[in-house]
Amino acid sequence: MSFLKIENTGLQEWLSQECIKKKIHFLTNLQQACIPAILSGKDILAFSRTGTGKTLAYVLPLLNYSYMKRRFFLNIIITPTLETSLQVSEVFNALGAKKNISSIILSKEAIKEKKDFKRSKTCLISSINNIDIFLYKVFKDTKAVINCFVIDEADSVFENFILSKISLIFKKAIPRQCLIFGVSLTNFFYSLIHGVYEKNLFIFNELASKYSFIENFIFEYIFCPEYLKNAYLKYIVLDFNEKNKNCSSQNIIIVFTRSEKQCIEIFEFLKSNRIKSVKIHKNLDLNQRICATQIFKKKRINVLICTDIGSRGIDISSVNLIINLNMPKNIKTFLHRIGRGARLYKKGKCLNLICQDEIKYLNSIENYTGIHFRKSTINLKK
């Protein structure tokens with residue numbers, strides 16, 4: 001993999017310097033291909049595995065645009081979940097603070113607070129669950145010219161998205177530039193912008209070796225009955241923290257659960273055993289999610305319990321251990337989960353607790369991806 005220095009990308013000097021202050025010195029293959037193309041006005045279809053820097057690939061050009069524009073031109077980002085919106089907003093605001101460039105997450109709370117959507121240096125971010133608020137607020141309350149329209153993690157967005165709604169956006173105001181980023185390139189994404197953007201389209205597809213990132217992982221499984229999984233999890237977390245207590249950097253654990261109910265139960269179980277953790281699931285309100293995400297990302301607590309909603313919204317460079325309490329039933333879910341670890345080509349470990357009924361899911365993932373899961377054991381009597 002080759003890297004390009006941030007100051008050689010065509011970004012304005014102030015933005016390059018802000019990146020360097022945040023210890024962003026080099027661009028990944030995806031970023032060095034897409035950023036110059038976006039700055040030159042190209043529309044983008046970009047597909048690459050999780051953890052290759054897609055967020056910065058569009059956030060940096062949007063910040064560049066926002067500083068240059070004097071009129072009210074909207075830059076809009078659509079994400080699959082509120083957690084992803086929070087993460088994107090955090091990156092955007094941190095890099096844009098020096099020039100008073102900020103983002104607003106479209107939510108019921110933002111509407112109640114009467115956020116100023118007409119600020120010239122504001123980027124609007126909306127999850128698919130709030131897309132109705134987006135359509136109402138942007139197109140009823142403002143006479144917006146959409147400069148740049150971004151769809152992040154597009155394959156996930158369109159798993160749940162009503163096509164007529166995004167078609168409505170394009171009918172009301174065709175964006176001057178359209179940027180689509182995802183993991184899986186399909187004909188649907190191409191057809192979405194076919195005819196409108198095809199002549200000016202730049203396609204980046206780094207999926208020929210989309211499972212090559214498994215080389216950065218150690219994959220293990222532990223066979224245990226369902227009723228012992230909590231006890232096994234307790235042992236794993238305590239053992240992991242003990243082995244890494246003298247490390248200079250904090251080690252991060254993400255535990256994936258199959259439901260909100262299980263997420264809460266695991267959180268309470270760990271709490272009863274004096275193990276601190278934070279939990280994220282869809283039934284938390286905006287402020288609760290922000291609080292939980294910030295506590296975890298600032299590493300005041302190193303264990304996160306989450307449902308699959310968390311696999312789309314947590315972007316932390318040092319997740320060392322991914323634990324699946326239940327083996328995912330489909331490959332896409334599994335890949336998105338492990339995408340939270342080994343980001344930007346760093347090393348990580350994925351540990352799966354499986355019972356008899358889940359062996360078939362493990363075998364399916366092995367056969368499809370070529371991953372080899374090593375068997376591991378735990379002696380709870382130690």
Self-check item: Complete set of residues in region 136-161 that are among the hydrophobic types (A, V, I, L, M, F, W, C) and either over 25 Å from LEU60 (Cα atoms) or modelled with pLDDT of 65 or more (or both)
Solution: PHE139, VAL145, ILE146, CYS148, PHE149, VAL150, ILE151, ALA154, VAL157, PHE158, PHE161
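Tell me, yes or no, whether region 202-212 has at least one residue that is under 27 Å from the mean Cα position of the chain (by Cα), part of a strand (DSSP E or B) and modelled with pLDDT of 90 or more.
no
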Quiz item: So, of the residues in region 231-272 that are in a loop (DSSP other than H, G, I, E, B) and either among the acidic types (Asp, Glu) or within 23 Å of the chain's Cα centre (by Cα) (or both), which turns out to be surrounded by the most Cβ atoms within 10 Å (Cβ to Cβ)?
Solution: THR257
Practice problem: Scan region 1-40 for residues that are surrounded by fewer than 21 Cβ atoms within 10 Å (Cβ to Cβ) and in contact with a Lys or Arg (Cβ under 8 Å, 6 or more places away or on another chain) and jot them down. | Solution: TRP14, HIS25, PHE26, LEU30
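Going by the structure shown, is LYS112 among the basic types (Lys, Arg), in the same structural domain as ASN130 (by TED's automatic domain parsing) and at pLDDT 90 or above? Before you say what the answer is, go through the steps one by one.
Numbers: among the basic types (Lys, Arg): yes; in the same structural domain as ASN130 (by TED's automatic domain parsing): yes; at pLDDT 90 or above: no.
No, not satisfied.
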Quiz prompt | Restricting region 92-106 to residues that are assigned to a helix (DSSP H, G or I) and in contact with a strand residue (DSSP E or B) (Cβ under 9 Å, 6 or more places away or on another chain), the residue that is surrounded by the fewest Cβ atoms within 10 Å (Cβ to Cβ) | solution = ASN93
Quiz item: Can you list the helices (runs of 4 or more DSSP H) found entirely within region 1-81 that contain at least 1 residues being modelled with pLDDT under 85 and among the hydroxyl-bearing types (Ser, Thr, Tyr)?
Solution: 54-68
Quiz item: Identify, please: which residue in region 331-358 is in a helix (DSSP H, G or I), in contact with a strand residue (DSSP E or B) (Cβ under 9 Å, 6 or more places away or on another chain) and modelled with pLDDT of 90 or more and is, among those, farthest from GLY53 (Cα to Cα)?
Solution: GLN356
Quiz prompt | Qualifying residues in region 276-294 (those that are surrounded by 19 or more Cβ atoms within 10 Å (Cβ to Cβ) and either touching an Asp or Glu at 6+ places or on another chain (Cβ under 7 Å) or in the same structural domain as PRO80 (by TED's automatic domain parsing) (or both)) - the one modelled with the highest pLDDT | solution = ILE280
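The values are calculated or read from the model by the stated rules, or taken from the named source; none is laboratory data. The shown structure was predicted, so the numbers you read here are calculated from the model rather than taken from an experiment. Cβ atoms come from the backbone with ideal geometry, glycine included; neighbour counts cover every protein chain shown.
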